[in-house]
Each structure stands twice: as structure tokens, then as C-alpha cells.
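Heads up, the thing below is written out as C-alpha cells.
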Amino acid sequence: MSTGENLLREHGLRVTKPRLAVLEILAEGGHLEVDEIARRARTRLDSVSTQAVYDVLGALSRAGLARRLEPAGSPARYEARAGDNHHHIVCRGCGEIADVDCSVGERPCLTPTSAHGFELDEAEVTFWGLCPACQKRRATDSA
């Protein structure tokens, strides 16, 4: 039995070829748009619809096996790294996304000035800026 099959079963999900393919794709890393995941899934399977990929991603996200992130002005992206309270940094130039770990041993992002009565267990922080390639391109363009 594969690791993907074990993960799906451990999280109460039925094992299907589309779910296994999407899990493998997410495990390769990155912050992928649905269209990219669907394109890669079609190279592994005879056929799979984009709607089926959306359905798989929804099931994996609900089960904690995938994480959906939605940077402002961008389509939703998915990644395999879920449940560890990490954050993201997004390039305003090219849209590249990188992971940013929360402070080790601390979770300062979980101490807002007011929690409005909520019991907090996770925070989602997005940092914005320019990646090194876009900084270089901007410097070259302005020279």
C-alpha cells in the first residue's frame, strides 16, 4: 500500500486514482493553481476533469491533507504543507509565493489585541514584497 493510500484512509477518505494523483502532485511542492494541478493530473491519468480536481482539492483540504491559500488578486493556490501554522510571502511583481515559518516555540500571531471571544488556534499571515528576481528587474529597468 502506498503512502498516499495510507494518508487517505487515515483521514477517512476513499482511495481513488484522482485523489492519489493530486496528493502526489502536491507532495512535489509549490503553491499550485488548480489549472496546473489538473494539467499535471492529466499526464498521470487517462482523463480527469477540472471539476474533479476541484472536488479532490476540497476533500483533501477539509481532511487537513492540503491547504488552500488565496493571495489577494490571485487565483486560489494549493499546497501539501498543512496544519503547521506557517505563513506566506508573495511577490507583487511575478506572484511567486514562498513559505515563512512562524516564530519557533512562539506563536505571536495568535495574540491579537482583541480575540472578540474566539478561541484561536491558527493565524494566516501574508507578507507582500518583491522577490530577488523582480528587484533586479526593477533596478535594471530604472537604470
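The values are calculated or read from the model by the stated rules, or taken from the named source; none is laboratory data. Predicted model only: the values in this text are computed from it and were never measured. Please note: Cβ atoms are built from the backbone with ideal geometry, for glycine as well, and neighbour counts cover all protein chains shown.
Figures for the structure shown
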| item | result |
| --- | --- |
| Filter pass, residue 22 being crowded, with 16+ Cβ neighbours inside 10 Å and not polar (S, T, N, Q) | yes |
| Of all residues making up segment 82-128, the number that are on the phi > 0 side of the Ramachandran plot and modelled with pLDDT of 90 or more | 1 |
| Residue list for segment 12-48, filter: assigned to a loop (DSSP other than H, G, I, E, B) and among the acidic types (Asp, Glu) | 28, 46 |
